[in-house]
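For reference, the structure discussed in these notes is given below.
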Amino acid sequence: MGNIISCQFKWSQKNPSELVKCVENYDLLQNLLSVLEKICNNYPEEAKTVFKKSIKWRTINIKPNSFLNNENYIINKETIKSNLLVYSAKLQKNGSPLFTLENDISSNISIENPTYLARACTLEQINSILAIADDKKLIELQNMIKENKDFYSYVTGVSGNNQINDIWDTNSSNMNDDEDTKKRFKLLLVLNACDNNMLRNLLETNVKNETITMNKIESELLMIQSFCGKEDYYALESIEWESDYKFGNGCRATPWRQIYNELGYIKCLPKDKEKIVITACINGFFINKGYTTNEKGGENIDYESKSSVYPSLISLLKEYSPHFNDKIQNQEYVYVNKINQQREEEIKEIVPPPKSGSIINLVNVAEEKKKESESVQSISQFKPEQKKKITTKKIKGKSKSRSKKLDINSKWRNLNTKNIDIGNKSKEITRTRPKKKVTTNSDKSLKELQRKTSSNLSEWTSDSESELSSEEEIQEGRQEPYELPPEYWQIQKLVKYLRCGNPTATVIAICSLRDFDLLNETNQLAIRDVGGLDTLVNLLDTEDSKCKIGALKILQLISQNIQIRNAIADLDGMKTLVDLLGDSNEELKCLAAETIANCAKNSRNRAAVRHYKGIRKLVRLLKVTPGSKEERVAICGAMALSSLSKSGKNKIAIQNAGAIPLLANLLESKNEQLLIPVVEILKECASSESYRLAIQNSGIIKFLVENLSSESEELQTNCASAIFKCAEDEEAREFVRLHGGLAPLVNLLNKKDNKELLVAATGAIWKCSQNLENVKEFNKLNTIRKLVELLENQPEDVLINVAGALGACAQTVDGRESIRCSGGITPLVNLLTGTNQALLVNVTTAVGACALDSESMSVIDKLDGVRLLWSLLKSPNYHVQASAAWAICPCIEHAKDAGEMVRSFVGGLELIVSLLKSEHVQVLASVCASIANIAKDEENLAVITDHGVVPMLAKLTNTKNDKLRRHLAEAIARCCRWGNNKVAFGSAGAVAPLVKYLKSPDEQVHKSTAHALHQLSMDANNCITMHENGVVQLLLGMVGSSDPALQEAAAGTIGNIRRLALASEKAAMA
């Protein structure tokens, strides 16, 4: 434990006493918690051993109130005389408590959150305190570690890394006489053993985590490509990447395949086999099913594997192609890669000659020659490559250092695959004209600036943004063209004049730059490559307004590029842009806000704007009168805030700056250019409950409804999305109906071509349909028929919302009938075979609601829908399990021959009983409701009894959740009707907890509990248990209930208890 604290935890470089917030430290804290608990459980005597010196730490989470009703600790009531607040009941030999909690006088600045000083001198006390801390135990353990780095020194009183030997050498003679030293030595041995085990586990974990990287793959691929050709003596015909496109993280696989740990795809044409497509993933390589033709005639890759996974590309090709394997075995290949450019002058590749003769000029070796210009801004240019003849040599000896990487054949061991760096390779071996490379002289300055700013940014970006934009996850990899266009060089010449210091020359250079197409990526990156971004950002600090406006106009255009935004973040450009928001020049403010709007799509820039107080300045730009000339300023400010609102912390800052009333005011404008960003801010922020409440109170929903009829589809989409999020609250649903928003939402369903608008509209309808009054309005608007039409050939986002809306509409009789008449049952049942978890939850809810209609239930039964619902009980997602179990209830209740139908499902009853072991209350409540319906059939009741349903239900009776109580009591009542189940429930201790259910405020719980107690009271022992727990008094009040079923059950229970009492009296008198 001591070595883990001192060696394995990651400490901050700025403050050595602070732990870095990272996953590794979090995992170590979790491990230490479990180790501490195990020591206390497995070694109780050692855990009680008193340390030589107490450890102490400061805390704000452990308070005197935390020890109330705890017999092991005493709260000191005489705090006036002493700082001691709490101390342990157990004492040391010298009379001192094992634990104390005191006021920390040195740190107590805040009265609301005082700081306390805790001291503990045994592992048992530390474990107890962490248990008292509950959900704050990790924070407490972290505080202990920060203030007690050398943990062993507190235990033994000896510092250093060799305490065991030191203690033995010092105390070996009197170890048997000194009981305390002996105990501490035993404790130290236990801690040392735990230390070794944790370190061993960490080592094993690190070894297992070694994965294949893109550098390794490209190194191996480059090596194999050197031995490809059309002649028979080559090992392969060709091998290359399936796609030239490289994402920002270096992977060539699409983002939606990267989540499956896939890195890229390689096309390979062997000499003796058909062409194959190989998938490269972090675990290895395998052959996929290759290209398939879709309905439109296009080719797509079928990613499914049709081979086993191989650790290397070479081992896969050896197994697949005998020709490839034969060439490796019979010939020797050596590939030499240039490692150090200063040490080696040129690269030579030795290719084996064919058996029939020699090979000349088979491989072109590219030798790049650079010319460095005296000018600082010049860019290195490359001369055309010169072809060289390749000579062949015999290998005289084997390399001394052989890397046994994966299972590369011994013939290939001389290939230095480890040292090939694709990103910075010193030489390319190719048969086509090589790509021209451009180097920049601003790289060093940019890296230095990045290092300087990173320390400043770390304070406010270390916590990371809660929501990362998709562009940062999928960054474009720039492909260098064969020949750069002349504009590239012209732009770089103009950038030189930006640095000349002459304002006139600078303005002329800016104007000349704006004549180019700055939306073209090559032109944008030309400015970056020569260091122009640094210059443009510096121009923003000048006093010349013309220079600042010109620089901003360029930055506003080029910042639409992902790589430019990242570079601006590296330059800390947000600070200057935020400062310009307070300038008196209106055009400067607008351009700065527009640039921030583009740059804020990057999470680091979003955090920087918040850090430099830019959000409050942007909110001030919204203080304009709708329809006035100042609207342009508000538009630019709203655009910037809409980009910034994608961060959770920025949403809070926007609200704290007072943006809601200003946004409500701007909604009165008729300018769609202003309304679109304003509504987009509301859409992003409406995910927060506080925002939704503010939106309702500000009357914004009325404006959102009005703009649903706008001619701009983008504005309609934003309004529908905002309503979608706001309608989480019941009041918002009513406001939408009262302001006439339901009809416009239904009309948006006709725009099937705009998928984004369709997602927003169906989502808003789904949430609004959770109000029964809204459902009636939807029925009048023929909404269900339109929704049913959207159940096919739509993206999953639309299907989730449509299924949710149909499930809500099916809560009414008219809604269920409309779904059935519109043919909605069949597509809903078909969707039960999907894999999307959110979709399955909504579809099962809709199918279950439709099953309340007998005619719909017959259709579900014919489509085998109940079997599909039952199969979803095996889902790993507990939300799907619960939803499927709820849907099964009405299916059993309204099926014609429900008992036989349930028995026809092989293993179905055993499956549903096994779900009573679930840890989730939603699943338990739904399963209990299903069991209550299943138990109506006597044969099924007998089967589930054999599967042990009685003891499982009895274990759940101590729950405090009223929803679970209601259905659990109903299930127990049903199960009591078979055999000796009533007696079994009593023996399992289920009766006494059931009596407590009668104290619940929920009348439905009373009804089902009275029903269960009535059944259980037919056993004499259960009657005695009920009477002892005071059931009679509770039931007497329910005899007068207006519910006849509750009256009858309560009276019947009291009657059974009374009859038992009379029988006992008669027996006693006799």
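Some points to look at:
- Relative contact order of segment 214-328, taken over Cα pairs closer than 8 Å and 6 or more residues apart, is 20 percent.
- Magnitude of the charge dipole for segment 707-857, about its Cα centre and with charges confined to Cβ atoms of Lys, Arg (+1) and Asp, Glu (-1), is about 240 debye.
- Solvent-accessible surface of segment 896-1068, averaged per residue with a 1.4 angstrom probe and all protein chains in place: 47 square angstrom.
- Among the listed pairs K137/K182; K548/K617; K629/K670, those beyond 22 Å (Cα-Cα): K137/K182
- Scalar couplings 3J(HN,Hα) for segment 524-541, obtained by applying the Karplus form with A = 6.51, B = -1.76, C = 1.60 to θ = phi - 60°, are 5, 6, 4, 5, 5, 5, 9, x, x, 4, 4, 5, 5, 5, 5, 5, 5, 8 Hz; x denotes Gly and Pro.
- Model label sites at K955 and E231, defined 7 Å from Cα along the beta-carbon direction, differ in position by 7.4 nm.
- Rounded to whole numbers, the Karplus 3J(HN,Hα) couplings from phi for segment 504-512 are 5, 5, 5, 5, 5, 5, 5, 4, 5 Hz, using 6.51 cos²θ - 1.76 cosθ + 1.60 with θ = phi - 60°, and x at Gly and Pro.
- Three-way shape call for segment 214-328 based on the alpha-carbon gyration tensor, with the a/c threshold at 1.5: prolate
- R0 of 30 Å, Cβ-Cβ distance D150-E78: FRET efficiency to nearest 0.05: 0.30
- Over segment 896-1068, relative contact order from alpha-carbon pairs under 8 Å, at least 6 apart, %: 17 percent
- Accessible area of segment 890-1036 belonging to carbon and sulfur atoms, whole % at 1.4 Å probe: 48 percent
- Amide H within-cut-off set for L263, under 5 Å, with H built and near neighbours excluded: A280, C281, I282
- Amide H within-cut-off set for Q794, under 5 Å, with H built and near neighbours excluded: none
- Average accessible surface area per residue within segment 233-274, 1.4 Å rolling probe, Å²: 48 Å²
- For segment 828-878 and segment 678-751, distance of Cα centres in Å: 31 Å
- Segment 214-328 - percent of accessible surface contributed by carbon and sulfur, probe 1.4 Å: 46 percent
- Counting only protein heavy atoms and a 1.4 Å probe, segment 628-768 has 38 square angstrom of accessible area per residue.
- Across K38/K982; K246/K296; K553/K646, pairs whose alpha-carbon gap is larger than 29 Å: K38/K982
- Efficiency of FRET between N15 and L911 - r from beta-carbon atoms, R0 45 angstrom, step 0.05: 0.25
- Inter-part distance where segment 532-567 and segment 625-673 are each reduced to a Cα centre, Å: 24 Å
- For segment 636-646, putting each phi into the Karplus relation 6.51 cos²θ - 1.76 cosθ + 1.60 with θ = phi - 60° gives couplings of 5, x, 5, 4, 5, 5, 5, 6, 6, 6, 7 Hz, in residue order, rounded to whole numbers and with x for Gly and Pro.
- For the listed peptides 647-653, 780-786, a ranking on the average number of other beta carbons within 10 Å per residue, highest first, reads 647-653, 780-786.
- Flagged links, alpha-carbon separation over 29 Å, of K755/K780; K289/K755; K649/K725: K289/K755
- Taking amide H as placed 1.01 Å from N in the peptide plane, D1043 has no amide H partner under 5 Å among residues 5 or more places away or on another chain.
- One decimal place: the segment K755-N830 gains 24.8 nm when fully extended, by the rule 0.36 nm per residue minus the C-alpha distance.
The values are calculated or read from the model by the stated rules, or taken from the named source; none is laboratory data. Remember, it's a predicted structure, so these values are computed and weren't measured experimentally. No Cβ is skipped: glycine too gets one built from the backbone with ideal geometry, and neighbour counts run over all protein chains shown. Just the protein is used for accessible areas: all its heavy atoms, side chains included, with ligands, DNA and RNA removed. Shrake-Rupley method; radii C 1.70, N 1.55, O 1.52, S 1.80 Å.
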